[in-house]
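Quick notes on the structure that follows.
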Amino acid sequence: MKKNICVVITNRANFARMKSLLIEIKKSQKLNLQIILSGSALSHKFGQLEKELKKNKLSAIAKSHFLIEGGDPISQAQSTSLAMSEFSAIFSKIQPDVVVTVGDRFETIATAISSAYLNIPLAHLQGGEVSGNLDEMVRHAITKLASYHFTTTKKSRERVIRLGEEKKRVFFSGCPGMDLLKNIKKKKINKE
């Protein structure tokens, strides 16, 4: 029986970082890809990603509208609250075996909290990084809620382990966004 892997896409950068992962999950005979399109990924202002998904023969199983306009802290806190409610309802309905999220934004913490409360294992990409601001605190909180950790650097892996995570669940995988650069280089070389 195929495992349901739910990937939450919240913005354009989020999609770019995970594009190669999405394509590989889609190709797998053992995995069933469940994409949730949400946040600014659904916004006309930021360029809807649904068209980009279709170009790559991908589609969303669910959409979640939760953004409150404004970049101020209260808007982000309120959007996080709405996102938790939305994601919890969607996860409950689609029953993923694993939820995949990336980074350190307010949407990501909402994803992590929702999956934790529903006892769904969370795979977190890009944990263990440092920035010295609110994003760093959020990223480390997500690390504590995650079951599996995929870090972009060896130092990030060490930080995640120092936060108390089991070594066997922390993987130095690099940034999946680098796959895009490899593909660009291959295309350029092939044209020459």
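The values are calculated or read from the model by the stated rules, or taken from the named source; none is laboratory data. Values in this document were obtained by computation on a predicted structure and should not be read as measured data. Note that each Cβ is placed from the backbone with ideal geometry, even for glycine, and that neighbours are counted across all protein chains shown. Ligands, DNA and RNA are excluded from the accessible area calculation, which covers all protein heavy atoms including side chains. Shrake-Rupley method; radii C 1.70, N 1.55, O 1.52, S 1.80 Å.
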Heavy-atom accessible area per residue of segment 1-107, all protein chains kept, 1.4 Å probe, expressed in Å², is 53 Å²
Taking a crude spin-label model, label points 7 Å out from Cα along the C-beta direction, the residue 50 to residue 97 distance in nm is 2.9 nm
As straight-line cross-link partners of residue 54, the qualifying aspartates and glutamates (C-alpha separation under 18 Å, not fewer than 8 residues apart within one chain) are 24
Taking placed amide H atoms and a strict 5 Å upper bound, the residues 5 or more places from residue 100 or on another chain that come that close are 6, 7, 8, 123
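Per the helix-only calculation at 222 nm, which mean residue ellipticity applies to the chain, given -39500 (n - 2.57) for every DSSP H run of n ≥ 4 and division by its residues, nearest 500 deg cm²/dmol?
Taking each H run of at least 4 residues, the total per residue is -15000 deg cm²/dmol.
Beta carbons within 10 angstrom, averaged per residue: use that to sort the peptides 65-78, 18-31, highest first. Could you put the intermediate results ahead of the total?
Values: 65-78: 13.1, 18-31: 15.4.
Ranked from most to least packed, the peptides come out as 18-31, 65-78.
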Whole-Hz Karplus couplings 3J(HN,Hα) for segment 101-107, θ = phi - 60° and coefficients 6.51, -1.76, 1.60, Gly and Pro as x, run 9, 9, x, 8, 8, 4, 5
Under 5 Å from the placed amide H of residue 64, counting only residues 5+ away or on other chains, we find 37, 38, 39
Per GNM of the chain with C-alpha springs under 10 angstrom, the most fluctuating residue out of 109, 35, 94 is 94
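Can you tell me how much longer the chain between residue 163 and residue 31 gets when fully stretched, taken as 0.36 nm per residue apart minus their C-alpha distance, in nm with one decimal? Display every interim value, and only then the final one.
Working: separation 132, 0.36 × 132 = 47.52 nm, distance 3.00 nm.
Stretched fully, the residue 163-residue 31 segment lengthens by 44.5 nm.
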In terms of the charge dipole of the chain, which places +1 on Lys and Arg and -1 on Asp and Glu at the beta carbon, the residue among 5, 83, 132 farthest towards the positive end is 5
